[in-house]
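Let me begin by presenting the structure, written as structure tokens, before commenting on it.
Rule-based calculations on the coordinates, nothing more; no lab input. Please read these numbers as outputs of a predicted model, since none were measured by experiment. Ideal geometry is used to build each Cβ from the backbone, glycine not excepted, and the neighbour counts take in all protein chains shown.
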Amino acid sequence: MFTARKTSPVIAFLGATAIALAGCSEPPEETPETTAADNGTATSAAREGDGAGAGEAASLTLYTSEPEEKVDEIIKAFNEEHPDIDVQVHRAGTGELKARIEAERSSGAVEADLIWAADAPTFEEFKSNDLLAKFENVDSDDVLEDAVDPDSFYVGTRLIPTVIAYNTQVIDEADAPQSWTDLTDERFLDKIVLPDPAVSGAAAYNATVWMNDSQLGEEWITALGENNPMIAASNGPTSQEIAGGGHPVGIVVDYLVRDLADKGSPIKEVYASEGSPYITEPIAVFKDSQNQKAAELFINFILSQKGQELAVEQNYLPVIDGVGTPGDAPELKDIKLMEADLETLTDDRTRSVEFFQNALQ
């Protein structure tokens, strides 16, 4: 069960407990896209900023895996409160963002102010590489304890569980899988699709969770591979493959299922009985940023009641209490989450992803 943070320090952070995507977002959908931030102009403006605070003009560059339409809605709402802060976006999958950040760091400095994507282990890596600035004025008192970095370098912004999804026109509800173990049943041979952990941050996170779960582990991953699943590039194509019926059962972040169902697609999610892995899609300020005050205003907006209500409208589960959940999604207290410690999630990621890929080839 999640608990809200109070003003006392937090000692625990993210487990691998399920949720939203992640997983990065993923989970968000992770098809690379570029906006005005990539033309060099916005980056230059951000680098020359004066660290603007409230009421002062500033230009921010945001690297994110958030779907373009969703991040545009968030920036529009943010600008209603802070019209003098221009936010330019470079959007891509977590893997591409990490490569870009490393290349920029090697050249001298990261050319963005904010990073918003993926999962806690990814941000632990950023932190250990001295890429992030410690928060000076981010209000996370009401944020769920499991979504807050106790060292104050990053904070989760929404809960994105990974779920089982199925096409309701192909699979009867009575025959739909209810557990991760069900996916190894021969009746789902050649019917399963899931995202590639080499591309999707949420999928890599999930692979590490499953690999280290006493109920699943190597045996379950191997059995899943024997059902010959299709490997899609990321969570977005995975959800579309399920909705289209080509592979009517899949593993995907939950908010994408709700997005498609809202548009009339015959798709439904199941929170697995063993529990769901989840990501919190953290956000952080780069140490090289000259606009930390403005960047923290953006973070505070996302964590505010208004920002979290918008997250719910966008089909995400929130990280604060009192703003509800999207559609028919269960309350947070009713979602069983899979436990894993952050150290394992960080240190065992490479091995887990390699095993997962080899087993599913």
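Quick notes on this one:
- Residues Ile160, Ile221, Ile192, sorted so that the one with the fewest Cβ neighbours within 10 Å comes first: Ile221, Ile192, Ile160
- For segment 224-347, the spread of Cα coordinates along the three principal axes comes to 50, 36, 27 Å, biggest extent given first.
- Normalised contact order of segment 102-177, rounded percent, pairs of Cα under 8 Å and 6 or more residues apart: 19 percent
- Residues in segment 256-278 that a label on Ala174 would reach, taking backbone N under 11 Å of a point 7 Å out along Cα→Cβ: none
- With a Förster radius of 51 Å applied to the beta-carbon distance between Ala109 and Gln361, the computed FRET efficiency rounds to 0.85.
- At q = 0.19, 0.21 Å⁻¹, base-10 log of I(q)/I(0) for segment 280-361 (Debye sum, equal scatterers on each alpha carbon): -0.98, -0.99
- Contact order relative to length of segment 201-255, as percent, for alpha carbon pairs under 8 angstrom and 6 or more apart: 20 percent
- Of the cross-linked pairs Lys127/Lys293; Lys191/Lys268; Lys127/Lys336; Lys70/Lys191; Lys98/Lys268, those separated by over 25 Å at the C-alpha level are Lys127/Lys336; Lys70/Lys191; Lys98/Lys268.
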